[in-house]
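What follows is one structure encoded as structure tokens, with my remarks underneath.
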Amino acid sequence: MGSVECDISRRIVSLKVLIVDDEIEMRRVTRALLQSIGIRTIHEANDGFSGLEAICSLKPDIVLLDWEMPRPNGTEFVQIVRSPGQFPLPDIPIIMLTGSNERSRVVEAVRSGVNEYLLKPVSATALLGRIVYILAKPRRMVTLGDRYVPEPRKLSTYKPGYDPAFDEFTLGR
């Protein structure tokens, strides 16, 4: 194993992850997936407001967020977090978990500022892959129009009027 892989492995073990999901069973499954990939420090919030408070108090390294929650739902939650000057940790990496693979939902999630998007049921391999990508290739946050979002992966192709939410690589296809 090379030094980069060892560094990533050490970072994964030391991560502090927050799961925000209103369904206790999904939190349990997600916790088990995180534990299976070596993450030891896992916190949970059972709704969006508790999740926002937990980000402020716990300062996790990554947030795993359910789309379908009572107010604030996943998109509203991300929009609150991605408010520099109003929210204390607007740059925190967010992985959206959802059962919907509709293109409009993916676009909405990316436009709102999620770093990654995963379909439920989530596998440990897919979750690990997204976490490794966040650690190995972190994207700085940028302002595009009125949105504060992770820098598009293909910024070199950015042109006025270009919408990174429609970038096929960003959508993980």
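A short reminder: the numbers here are calculations on the coordinates, not readings from a lab. Just so it is clear, the structure is predicted and the values come from calculations on it, not from any experiment. A quick note on method: Cβ atoms are made from the backbone with ideal geometry, for glycine too, and the neighbour counts reach across all protein chains shown.
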Inter-site label distance for Asn46 and Ser104 at 7 Å from Cα along Cβ, in nm: 3.2 nm
Net lengthening on full extension, Asp146/Arg10 (0.36 nm per residue, minus Cα-Cα): 45.3 nm
Lysine pairs meeting the criterion (Cα under 25 Å, 8 or more apart or interchain), as found in the chain: 7
Packing-based exposure ordering (other Cβ within 10 Å, fewest first) of Leu119, Leu18: Leu119, Leu18
Neighbour-count order for Val106, Val142, fewest beta carbons within 10 angstrom listed first: Val142, Val106
Longest DSSP-loop-exposure-free segment, GluC sites (Glu not before Pro), the chain, at most 10 other Cβ within 10 Å: 1-101
With eigenvalues of the C-alpha gyration tensor scaled by 5 and rooted, the chain, Å: 23, 20, 16
Net length gained if the chain between Glu25 and Leu89 were fully extended (0.36 nm per residue, minus Cα distance): 20.3 nm
Chain lengthening between Thr125 and Arg71 when straightened (0.36 nm per residue, less Cα-Cα): 16.4 nm
Ellipsoid semi-axes in whole angstrom, largest first, where each is sqrt(5λ) of the Cα gyration tensor of region 7-61: 20, 15, 5
